[in-house]
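**Student:** I have a structure I would like to understand better, so I am pasting it below and will then ask my questions one at a time.
The values are calculated or read from the model by the stated rules, or taken from the named source; none is laboratory data. Because the structure is predicted, anything quoted here is derived from the model rather than measured. All Cβ positions, glycine included, derive from the backbone under ideal geometry; neighbour counts span all protein chains shown.
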Amino acid sequence: MTKEIDLLVEQIDVRKDELIELLKRLIEYKTPAPPARNTMEAQQFVANFLRENGFSIDMWDVYPNDPNVVGFLEGKQADTFNSLIINGHIDVAEVNEDEKWEANPFIPIVKDGAIIGRGASDMKGGLAGALFAIKLLHEAGIDLPGSLTFQSVIGEEVGEAGTLECCKRGYTADFAVVVDTSDLHIQGQGGVITGWITVKSSQTFHDATRRQMLHAGGKLFGSSAIEKMMKIIHGLQELERHWAVMKGYPGFIPGTNTINPAVIEGGRHAAFIADECRLWITVHYYPNESHEQIIKEIEEHLLHVAKADPWLRENPPTFVWGGKSMIVDRGEIFPSLEVDPTHPGVKQLASAHQGIINSKAVVDVSPTVTDGGWLGAAGIPTAIYGPGNLQNAHSVNEQVSIEQLIEYTKVILTFIYEWCHTKRT
Ligand SMILES: [Zn+2]
């Protein structure tokens with residue numbers, strides 16, 4: 001480490017109250033999703049903060065009152081030095097009225113060495129630390145040779161891919177860090193895709209015809225879509241078990257690749273045979289798999305199940321996969337992310353961690369999903385690294401340890417400094 005960065009890191013201890021105040025300020029902006037559409041003021045604050053620290057700002061509505069903010073600080077030798085994206089989401093998990101918080105979840109308090117408030121762990125702590133690091137670099141007058149992009153995105157908690165919108169807008173870098181909840185582990189993740197499976201009859205029959213479609217001599221080729229969906233669900237359970245037996249990925253307990261029949265809707269009225277049934281499923285898959293591959297496996301399996309049933313053979317299930325939002329079109333995708341431990345960005349992040357924390361960085365997999373998959377899918381080598389833990393994410397009295405927040409801020413400051421001072425290989 002150079003002397004310049006050592007002095008800056010020391011500043012974090014000296015000025016930790018400012019860091020705490022910054023996190024409290026972010027928590028005070030009420031940005032729960034659902035209901036969403038409430039991040040404008042918080043995003044304006046982030047945009048102003050970045051502007052004051054030398055960044056140019058791109059801010060655009062992904063949804064009304066839910067804008068993305070991308071700050072860009074061009075490196076002094078951008079052609080030859082490494083560039084970096086820091087990414088985080090400004091929305092937080094919803095708060096239910098019956099939750100028993102110590103205090104108002106949006107008026108943060110400090111207690112027993114922790115900051116308590118909605119988003120402390122997931123993930124305004126990660127955003128605050130990275131923003132504070134940027135401020136320290138700016139105030140010290142340090143011109144980074146490589147370019148730095150800061151993305152504050154919306155919608156992550158409801159599967160709205162603010163990060164995908166940044167990628168579509170062309171933002172890229174040599175490496176990206178998603179500063180979401182990881183308890184200071186360097187992480188990849190499995191993927192998630194939701195889908196709707198529909199069983200539909202081309203005809204609608206009166207309830208009184210049921211005997212004719214079930215019993216000897218009835219001669220009516222019809223069926224209840226609800227009962228046929230039972231076969232589909234059974235087929236999904238067989239596939240889920242087959243995956244659990246046959247697939248695996250280091251860091252995951254076998255059987256983490258689940259197929260959850262989450263919501264079922266069907267039938268029109270008690271006087272009719274159900275002519276339509278829809279099943280909403282959530283599928284978790286491993287970091288080395290893609291949602292395209294998973295879709296193919298599920299569809300192929302269920303179409304074989306359908307072939308073994310005379311009615312489903314003629315009326316096979318149909319599929320609608322993914323979606324842009326759990327609250328708008330009832331669907332989402334979180335692509336998986338593999339972390340390459342030999343990538344220079346991962347190695348440098350691990351060494352910054354070890355230098356500050358005095359213990360070896362853990363490189364593993366997140367048991368949940370983040371926006372990291374979108375950056376990876378856009379071809380940007382990416383890792384998840386942030387303060388807070390998943391016991392706290394989305395929980396009552398969500399909190400982050402101040403000690404860990406400070407450690408994280410030191411690591412991310414060191415990493416930004418060093419990575420953007422390293423020549424591109
Ligand atoms: Zn998060």
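**Student:** Looking only at segment 192-222, filter to residues that are surrounded by 16 or more Cβ atoms within 10 Å (Cβ to Cβ) and of a type in the set (Gly, Ala, Ser); which one of those is nearest to Gln293 (Cα to Cα)?
**Tutor:** Here the answer is Gly195.
**Student:** Take Gly373 and decide whether it is within 16 Å of the ligand (Cβ to nearest atom) and out of contact with any strand residue (DSSP E or B) (no Cβ under 7 Å at 6 or more places or on another chain).
**Tutor:** On the way: within 16 Å of the ligand (Cβ to nearest atom): yes; out of contact with any strand residue (DSSP E or B) (no Cβ under 7 Å at 6 or more places or on another chain): no.
No: the conditions fail for Gly373.
**Student:** Which residues, counting only those in segment 363-405, are in a helix (DSSP H, G or I) and surrounded by 19 or more Cβ atoms within 10 Å (Cβ to Cβ)? Before you say what the answer is, go through the steps one by one.
**Tutor:** Step one: list which residues in segment 363-405 are in a helix (DSSP H, G or I), which gives 372-377, 402-405.
Correct list: Gly372, Gly373, Trp374, Leu375, Gly376, Ala377, Ile402, Gln404, Leu405.
**Student:** Could you tell me how many of the residues in segment 110-129 are in contact with a Gly (Cβ under 7 Å, 6 or more places away or on another chain) and away from the ligand (no atom under 13 Å from the Cβ)? I'd like the intermediate steps shown before the answer.
**Tutor:** Going through segment 110-129, the residues in contact with a Gly (Cβ under 7 Å, 6 or more places away or on another chain) turn out to be 120-123, 125-127.
Among the residues that remain, those that are also away from the ligand (no atom under 13 Å from the Cβ) are: none.
Residues meeting the conditions: 0.
**Student:** Residue pairs, Cβ under 9 Å, 6 or more apart or interchain, first in segment 114-130 and assigned by TED's automatic domain parsing to the domain that holds Ile86, second in a helix (DSSP H, G or I) and of a type in the set (Ser, Thr, Tyr). List them.
**Tutor:** So the pair list comes out as Gly125/Tyr408; Gly126/Tyr408; Ala128/Thr409; Gly129/Tyr408; Gly129/Thr409; Ala130/Tyr408; Ala130/Thr409.
**Student:** If I ask for residues that are more than 16 Å from the ligand (Cβ to nearest atom) and of a type in the set (A, V, I, L, M, F, W, C), which ones from segment 86-109 would you list?
**Tutor:** First, pick out the residues of segment 86-109 that are more than 16 Å from the ligand (Cβ to nearest atom): 96-104, 106-109.
Trp101, Ala103, Phe106, Ile107, Ile109, listed by residue number.
**Student:** A further question follows. If you check every pair at least six apart or on different chains, which have Cβ atoms under 6 Å apart with a residue in segment 394-408 that is hydrophobic (A, V, I, L, M, F, W, C) first and a residue that is part of a loop (DSSP other than H, G, I, E, B) and surrounded by 18 or more Cβ atoms within 10 Å (Cβ to Cβ) second?
**Tutor:** Final answer for the pair search is Val400/Pro387; Val400/Gly388; Leu405/Pro387.
**Student:** So, of the residues in segment 98-127 that are assigned to a loop (DSSP other than H, G, I, E, B) and among the charged types (D, E, K, R), which turns out to be farthest from the chain's Cα centre (by Cα)?
**Tutor:** Step one: of segment 98-127, the residues assigned to a loop (DSSP other than H, G, I, E, B) are 98-108, 112-113, 117-119.
Adding the requirement that they be among the charged types (D, E, K, R) leaves 98-100, 102, 112, 118.
On the way: Asp98: 26, Glu99: 24, Lys100: 26, Glu102: 27, Asp112: 29, Arg118: 17 Å.
Selected residue: Asp112.
**Student:** Kindly evaluate Ala225 against the criterion of being surrounded by 18 or more Cβ atoms within 10 Å (Cβ to Cβ), more than 30 Å from Leu84 (Cβ to Cβ) and either in the same structural domain as Gly88 (by TED's automatic domain parsing) or not polar (S, T, N, Q) (or both).
**Tutor:** Details: surrounded by 18 or more Cβ atoms within 10 Å (Cβ to Cβ): yes; more than 30 Å from Leu84 (Cβ to Cβ): yes; either in the same structural domain as Gly88 (by TED's automatic domain parsing) or not polar (S, T, N, Q) (or both): yes.
Yes; evaluated as a whole, the condition is true for this residue.
**Student:** Just the residues that are assigned to a helix (DSSP H, G or I) and charged (D, E, K, R), please, taken from segment 218-248. Please lay out each step first, then the result.
**Tutor:** Just the residues of segment 218-248 that are assigned to a helix (DSSP H, G or I), to begin with: 225-246.
Passing the criteria: Glu227, Lys228, Lys231, Glu238, Glu240, Arg241.
**Student:** Within segment 138-157, restricting attention to residues that are within 16 Å of the ligand (Cβ to nearest atom) and assigned to a loop (DSSP other than H, G, I, E, B), which residue is farthest from Pro335 (Cα to Cα)?
**Tutor:** Step one: list which residues in segment 138-157 are within 16 Å of the ligand (Cβ to nearest atom), which gives 151-157.
Okay, now just the ones that are also assigned to a loop (DSSP other than H, G, I, E, B), so 154-155.
Working: Ile154: 17, Gly155: 15 Å.
Restricting to residues being within 16 Å of the ligand (Cβ to nearest atom) and assigned to a loop (DSSP other than H, G, I, E, B), the top hit is Ile154.
**Student:** Exactly one condition in (1) farther than 25 Å from Lys324 by Cα; (2) touching a Lys or Arg at 6+ places or on another chain (Cβ under 8 Å) is not met by Phe175; state its number.
**Tutor:** Single failed check for Phe175: (2).
**Student:** Could we say that Val320 is under 28 Å from Gly195 (Cβ atoms), away from the ligand (no atom under 16 Å from the Cβ) and in a strand (DSSP E or B) here?
**Tutor:** Details: under 28 Å from Gly195 (Cβ atoms): yes; away from the ligand (no atom under 16 Å from the Cβ): yes; in a strand (DSSP E or B): yes.
Criteria met by Val320.
**Student:** Condition check: of a type in the set (Gly, Ala, Ser) and either without any contact (Cβ under 8 Å) to a residue 40 or more places away in the chain or farther than 30 Å from Asn65 by Cα (or both). Does Gly170 satisfy that?
**Tutor:** Numbers: of a type in the set (Gly, Ala, Ser): yes; either without any contact (Cβ under 8 Å) to a residue 40 or more places away in the chain or farther than 30 Å from Asn65 by Cα (or both): yes.
The answer is yes for Gly170.
**Student:** Something else: Just one of (1) β-branched (Val, Ile, Thr); (2) under 37 Å from the mean Cα position of the chain (by Cα); (3) over 30 Å from Asp79 (Cβ atoms) trips up Thr172, so point out which.
**Tutor:** Every listed condition holds for Thr172 apart from (3).
**Student:** For Ala36, only one of the following conditions fails: (1) in contact with a Lys or Arg (Cβ under 9 Å, 6 or more places away or on another chain); (2) within 22 Å of His394 (Cα to Cα); (3) surrounded by 22 or more Cβ atoms within 10 Å (Cβ to Cβ); (4) of a type in the set (Gly, Ala, Ser). What is its number?
**Tutor:** Status for Ala36: all satisfied but (1).
Every residue, every condition in (1) under 30 Å from Gly141 (Cα atoms); (2) surrounded by fewer than 17 Cβ atoms within 10 Å (Cβ to Cβ); (3) of a type in the set (D, E, K, R); (4) in contact with a Ser or Thr (Cβ under 8 Å, 6 or more places away or on another chain), yes or no:
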| residue | (1), (2), (3), (4) |
| --- | --- |
| Lys24 | yes, no, yes, no |
| Ile27 | yes, no, no, no |
| Gln43 | yes, no, no, yes |
| Glu52 | yes, yes, yes, no |
| Asp61 | no, yes, yes, no |
| Pro64 | no, yes, no, no |
| Gly88 | yes, no, no, yes |
| Val92 | no, no, no, yes |
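**Student:** Return the residues of segment 158-185 that are away from the ligand (no atom under 16 Å from the Cβ) and either closer than 18 Å to Leu349 by Cβ or not assigned by TED's automatic domain parsing to the domain that holds Ser83 (or both); say none if nothing qualifies. Quick ask: steps written out before the conclusion?
**Tutor:** The initial filter retains those residues of segment 158-185 that are away from the ligand (no atom under 16 Å from the Cβ), namely 165, 167-175.
Correct list: Ala173, Asp174, Phe175.
Here's the yes/no breakdown for (1) surrounded by fewer than 16 Cβ atoms within 10 Å (Cβ to Cβ); (2) in contact with a Lys or Arg (Cβ under 7 Å, 6 or more places away or on another chain); (3) within 30 Å of Asp6 (Cα to Cα):
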site: Val283; (1), (2), (3): no, no, no
site: Gln293; (1), (2), (3): yes, no, no
site: Ile298; (1), (2), (3): no, no, no
site: Trp311; (1), (2), (3): no, yes, no
site: Gly323; (1), (2), (3): no, yes, no
site: Asp329; (1), (2), (3): yes, no, no
site: Pro335; (1), (2), (3): no, no, no
site: Val339; (1), (2), (3): no, no, yes
site: Gln354; (1), (2), (3): yes, yes, yes
